[in-house]
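Data block below; observations after.
The values are calculated or read from the model by the stated rules, or taken from the named source; none is laboratory data. For clarity, every value in this text was computed on a predicted model and none was experimentally measured. So basically every Cβ, Gly included, is an ideal-geometry build from the backbone, and we count neighbours across all protein chains shown. Just the protein is used for accessible areas: all its heavy atoms, side chains included, with ligands, DNA and RNA removed. Shrake-Rupley method; radii C 1.70, N 1.55, O 1.52, S 1.80 Å.
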Amino acid sequence: MSKILVTGGTGYIGSHTVVELHNAGYEVIIVDNLSNSNIKILDQLEKITGKRFEFVELDLQDASAVDAFAKQNQDLSGIIHFAAYKAVGESVAQPLKYYKNNFYSLINLLTAYPAANFVFSSSCTVYGQPDTLPVTEDSPVKKAESPYGNTKQIAEEILQETAKVTPGLNVIALRYFNPVGAHKTALIGELPNGVPQNLIPFITQSAIGKRGPIQVFGDDYDTPDGSAVRDYIHVVDLAKAHVAAVRRLADGKVDGYDVFNLGTGKGSSVLEIINAFEQSTGEKLNYKIAPRREGDVEKTYGDVTKSKNILGWQTELDLNEMMRSAWEWEKNIKDNPF
Ligand code: NAD
Ligand code: WQD
């Protein structure tokens, strides 16, 4: 059976991907240092799949630990590298924390596994505010607004340059738009630290009474209703794209490096999201208009033609399912806190 190493596999996107890899017949080994996730996710994954996944608690910043792990685990058919810090605001306040973790982890892995089928978690943040929409993979990468965004841009360059000169290293970078929602069992989902900075977790926490009214950051953008537009994608659809990427690499179809957008191809405004949540869940939200948030782009959404045609992947779950599953998850963790 093909075995995939999933770094950051107890995290939000990683845990959903572990489930989809298992469903597709892959064996999985998870590495995580639990800096932003909970060990009990392994129990949740077992409830969903009936499988106790192999787990190694390890900090990928520790080169000798990564080398030792690699010596014991040479039989991999692919690596999916989720592990990173991801909070944009925190990265502005603590740039070195982000540069250290996001670069050391990547470099240590590539050093320990010089020849690998490697899937990397990148982000639509590399495009900044695109000049034309929808944004394709060929659109220019803009100067990053934050150290976090910079780590994704530079990591893509590290991977591309290394793959070019390293036989056996083949890489797919996946640029996610805005991942939201949770598994349909409500057993895994996003576990934000402190006050959520992202829209959907703030909405669900506000709806459940953990937070006050939602602030809509800006209603004077050049968009149909004035609020900012994003391409929200269900985390389970996103997870399935990783299975497609691993397959493509294993089939030998990637010559060094390739990059794909992962989104729905459709933009939704903040006010549309608030409305979709109310419609899908029957919950009434309190919100108020607030000033624009510094560093935010006005509108972005992805052209996903390349992913459809080449990865053979497309989204299946709509906004309704994104909102409904996020809400079921929020209610479940209220009753069964981690
Ligand atoms: P997450 O924080 O839920 O998961 C990341 C996991 O990596 C966590 O479990 C954390 O404990 C682990 N980790 C971090 N540093 C580590 C280290 N040094 N060693 C071992 N484990 C470590 O985040 P997520 O939302 O699942 O994101 C996964 C990846 O996708 C990240 O690379 C993120 O930058 C990228 N991404 C996320 C989004 C998003 O909106 N969630 C969007 C675009 C890209
Ligand atoms: C979405 C929209 C906000 C909270 C971030 C990262 C990006 C990527 C995904 C990792 C925006 C508005 C939000 C709130 C609001 N992550 N909003 N009130 O900013 O598109 O992207 O996560 O790679 O790099 O920057 O996502 O969910 O924070 O915001 O009005 O309380 O919701 O202004 O327009 P964003 P988000």
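List of remarks:
- Split the accessible area of region 1-137 by element, probe 1.4 Å, and carbon with sulfur accounts for 51%.
- For region 156-208: accessible area per residue (Å², 1.4 Å): 41 Å²
- Label-to-label distance, nm, for residues given as Asp251 and Glu27 (7 Å Cα→Cβ offset): 2.4 nm
- Protein-only accessible surface order, largest first, of Tyr221, Tyr104 at 1.4 Å: Tyr104, Tyr221
- With contributions of -39500 (n - 2.57) from each DSSP H run of at least four residues, the per-residue ellipticity at 222 nm computed over the chain stands at -11000 deg cm²/dmol.
- Backbone amide hydrogens, once placed in the peptide plane, bring Ala173 within less than 5 Å of Phe120, Asp258, Val259, Phe260, excluding anything fewer than 5 places away on its chain.
- Fluctuation leader among Asp219, Asp43, Asp251 - the chain, Gaussian network, Cα springs under 10 angstrom: Asp251
- Counting only protein heavy atoms and a 1.4 Å probe, region 2-64 has 36 square angstrom of accessible area per residue.
- Extension gain from Asp296 to Thr111, taking 0.36 nm per residue of separation minus the Cα-Cα distance: 63.1 nm
- Each Lys or Arg adds one and each Asp or Glu takes one away; over the other residues whose Cβ falls under 14 Å from the Cβ of Phe53, this sums to -2.
- Carbon/sulfur fraction of accessible area - region 199-338, other protein chains in place, 1.4 Å, %: 43 percent
- Residue among Gly218, Gly265, Gly302 with the largest mean-square fluctuation in a Gaussian network model of the chain, springs linking Cα atoms under 10 Å: Gly218
- Relative contact order, percent, the chain [alpha-carbon distance under 8 Å, six or more residues apart]: 19 percent
- Distance violations [Cα-Cα > 26 Å] among Lys97/Lys253; Lys152/Lys306; Lys266/Lys306; Lys51/Lys100: Lys97/Lys253; Lys51/Lys100
- Rounded to whole Hz, the Karplus (6.51, -1.76, 1.60) HN-Hα couplings of region 277-291, x for glycine and proline: 5, 4, 5, 6, 10, x, 8, 8, 9, 9, 9, 9, 7, 10, x
- Residues whose amide H comes within less than 5 Å of that of Phe55, counting only those at least five positions distant or on another chain, are Ile30 (H built at 1.01 Å from N in the peptide plane).
- Under the Karplus curve 6.51 cos²θ - 1.76 cosθ + 1.60, θ = phi - 60°, whole-Hz ³J(HN,Hα) for region 184-192, x wherever Gly or Pro sits: 5, 6, 6, 8, 10, x, 8, 10, x
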